[in-house]
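*Asks:* Below is the structure I would like to discuss, written out as structure tokens.
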Amino acid sequence: MKPRISYLLILIAMMFAGLYTAQAQDQKIGFYESDFILEQIPEYDGIQQQLNLLSSQWKEEAEELQQEISELEEDYEAKEILYTEEIRNQKQQEIAQKKKERERYLSQKFGPEGEYFSTQRELLEPIQRQVYTAVRAVAEDQNFDYVFDRSGDIYMVYANNEFNLNEDILLELGIELEDQ
């Protein structure tokens, strides 16, 4: 009787595996490229220009700080032998302090919690929300089970262009592409 039970369990397991495989084959998977979608949205270009302007201003200020550091270092090297031990230490501390000031500035502006990324997040969030809403609407309208963003960290070796949702998402956002 035990062989019959194990045979029956194996048969049931195979049936469930077959059902799962059949169900998996019916799933519809699509993809889109968020970078491409964002580039088609007119407001995105303005946001990028704003961010570039901010970034270039901050980089310029960081370069000025670096120039001050270089001048202090050159001055120190030129006059080092004339300085007493006490003045030498003061000048070295002044240079070290200026370097710390520059590092703090760069971290404040470009660090992970810096102004650049918080401004970027603040400016892009409404557009990203619109894109997400459009992706969701297209996916639901066309009965997709899964939709992947091919612009990010997901690596897709192959994607049949038939399942590319870029144009549908742009249409959902009210943007029509010119023939490319």
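The values are calculated or read from the model by the stated rules, or taken from the named source; none is laboratory data. The shown structure was predicted, so the numbers you read here are calculated from the model rather than taken from an experiment. All Cβ positions, even for glycine, are placed from backbone atoms using ideal geometry, and neighbour counts span all protein chains on display.
*Asks:* Would you please list the contacts, defined by Cβ atoms under 9 Å and residues six or more apart or on different chains, that run from a residue in region 154-180 that is closer than 15 Å to residue 29 by Cβ and outside any loop (DSSP other than H, G, I, E, B) to a residue that is of a type in the set (Lys, Arg) and at pLDDT 65 or above?
*Replies:* Pairs that qualify, where the first residue is closer than 15 Å to residue 29 by Cβ and outside any loop (DSSP other than H, G, I, E, B) and the partner is of a type in the set (Lys, Arg) and at pLDDT 65 or above, are 163/28; 164/150.
Residue by residue, here is whether (1) surrounded by 10 or more Cβ atoms within 10 Å (Cβ to Cβ); (2) assigned to a helix (DSSP H, G or I); (3) among the β-branched types (Val, Ile, Thr) holds:
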{"residue": "51", "(1), (2), (3)": "yes, yes, no"}
{"residue": "55", "(1), (2), (3)": "yes, yes, no"}
{"residue": "58", "(1), (2), (3)": "yes, yes, no"}
{"residue": "61", "(1), (2), (3)": "yes, yes, no"}
{"residue": "66", "(1), (2), (3)": "yes, yes, no"}
{"residue": "71", "(1), (2), (3)": "yes, yes, no"}
{"residue": "81", "(1), (2), (3)": "no, yes, yes"}
{"residue": "87", "(1), (2), (3)": "yes, yes, yes"}
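*Asks:* Still on this structure: Step by step: first the residues of region 151-180, then only those that are among the hydrophobic types (A, V, I, L, M, F, W, C) and at pLDDT below 75, then the one that is surrounded by the fewest Cβ atoms within 10 Å (Cβ to Cβ). Which residue is that?
*Replies:* Narrowing region 151-180 to residues among the hydrophobic types (A, V, I, L, M, F, W, C): 154, 156-157, 159, 163, 165, 169-171, 173, 175, 177.
Now narrow it down to the ones that are at pLDDT below 75: 154, 156-157, 159.
On the way: 154: 9, 156: 9, 157: 4, 159: 14.
Checked region 151-180; the qualifying residue surrounded by the fewest Cβ atoms within 10 Å (Cβ to Cβ) is 157.
*Asks:* Shifting gears a bit: If you go through region 29-53, how many residues are over 16 Å from residue 133 (Cα atoms) and among the small types (Gly, Ala, Ser)?
*Replies:* 1
*Asks:* Only one residue in 123, 82, 72 is of a type in the set (A, V, I, L, M, F, W, C) and closer than 30 Å to residue 175 by Cβ. Which one? Show your work before the answer.
*Replies:* Details: 82 fails: closer than 30 Å to residue 175 by Cβ; 72 fails: closer than 30 Å to residue 175 by Cβ.
Checking each option against the conditions leaves just 123.
*Asks:* Kindly indicate whether residue 148 is over 17 Å from residue 37 (Cα atoms), of a type in the set (A, V, I, L, M, F, W, C) and surrounded by 14 or more Cβ atoms within 10 Å (Cβ to Cβ). Walk me through how you get there before you give the answer.
*Replies:* On the way: over 17 Å from residue 37 (Cα atoms): no; of a type in the set (A, V, I, L, M, F, W, C): yes; surrounded by 14 or more Cβ atoms within 10 Å (Cβ to Cβ): yes.
So residue 148 does not fit the description; no.
*Asks:* Also, quick follow-up: I'm trying to understand the selection: among the residues of region 55-110, which are closer than 30 Å to residue 121 by Cβ, without any contact (Cβ under 8 Å) to a residue 40 or more places away in the chain and not small (Gly, Ala, Ser)? Reasoning before the result, please.
*Replies:* Initial filter on region 55-110 (closer than 30 Å to residue 121 by Cβ): 55-66, 99-110.
With the extra rule that they be without any contact (Cβ under 8 Å) to a residue 40 or more places away in the chain, the set shrinks to 56-57, 59-60, 63-64, 66, 99-101, 103-104, 107-108.
Passing the criteria: 57, 59, 60, 63, 64, 66, 99, 100, 101, 103, 104, 108.
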